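K.L.:
One structure is given below, represented as structure tokens, and several questions about it will come after.
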Amino acid sequence: MQGLLPTDPAQMATTGFWRIILGTPIVSCSINAIMFIVMIRHDSVDFLIDRMQFEQAREHLKMVYQYDQEYKIENELDRLKALRLES
């Protein structure tokens with residue numbers, strides 16, 4: 001056995017190492033999917049502007065940019081609205 005993988009064909013037929021090789025990505029992707037579902041629960045600002053949910057878009061901008069001045073958030077929201085209306 002060289003490293004973790006067996007080199008002898010007879011050992012390859014009897015070892016259960018394939019479970020680790022196939023199971024590791026499955027577990028990793030499952031954890032990743034669960035984290036996306038549980039932790040990322042916010043819609044994008046563009047989506048909210050498209051749906052005319054400007055108050056939620058304003059709150060999301062506050063979370064993303066962490067502006068303490070309200071006029072900066074309003075300027076950014078107005079800019080994004082104009083961009084979305086152009087396209």
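K.L.:
Please compute the contact order of the range 42-87 in relative form: average sequence separation of alpha-carbon pairs under 8 Å and at least six residues apart, divided by the residue count, as a percent.
P.N.:
Here the relative contact order equals 38 percent.
K.L.:
Please work out how much length the chain gains when fully extended from Val38 to Glu86, using 0.36 nm per residue of separation minus the C-alpha to C-alpha distance, in nm with one decimal.
P.N.:
Taking 0.36 nm per residue and subtracting the Cα distance, the gain is 13.9 nm.
K.L.:
Can you tell me the mean projection area, over all orientations, of the convex hull of the chain's alpha carbons? Units nm², please.
P.N.:
Average of the hull's projected areas for the chain equals 10.3 nm².
K.L.:
Per-residue HN-Hα couplings for the range 21-31, Karplus 6.51 cos²θ - 1.76 cosθ + 1.60 at θ = phi - 60°, whole Hz, x for Gly and Pro?
P.N.:
Coupling constants for the range 21-31: 4, 7, x, 4, x, 5, 5, 4, 5, 5, 4 Hz.
K.L.:
Further, regarding this structure: For the chain, what does the helix formula give at 222 nm: sum of -39500 (n - 2.57) over DSSP H segments with n ≥ 4, over the residue count, nearest 500 deg cm²/dmol?
P.N.:
For the chain, the value works out to -23000 deg cm²/dmol.
K.L.:
For each of Val27, Val45, Val64, count neighbouring Cβ atoms within 10 Å of the residue's Cβ, then give the residues from fewest to most.
P.N.:
Neighbour counts put them in this order, fewest first: Val27, Val64, Val45.
Here, each number is a calculation from the coordinates, and none is a lab measurement. None of the values given here were measured: they were computed from a predicted structure. Note: ideal-geometry Cβ built from the backbone for every residue, glycine included; neighbour counts use all protein chains shown.
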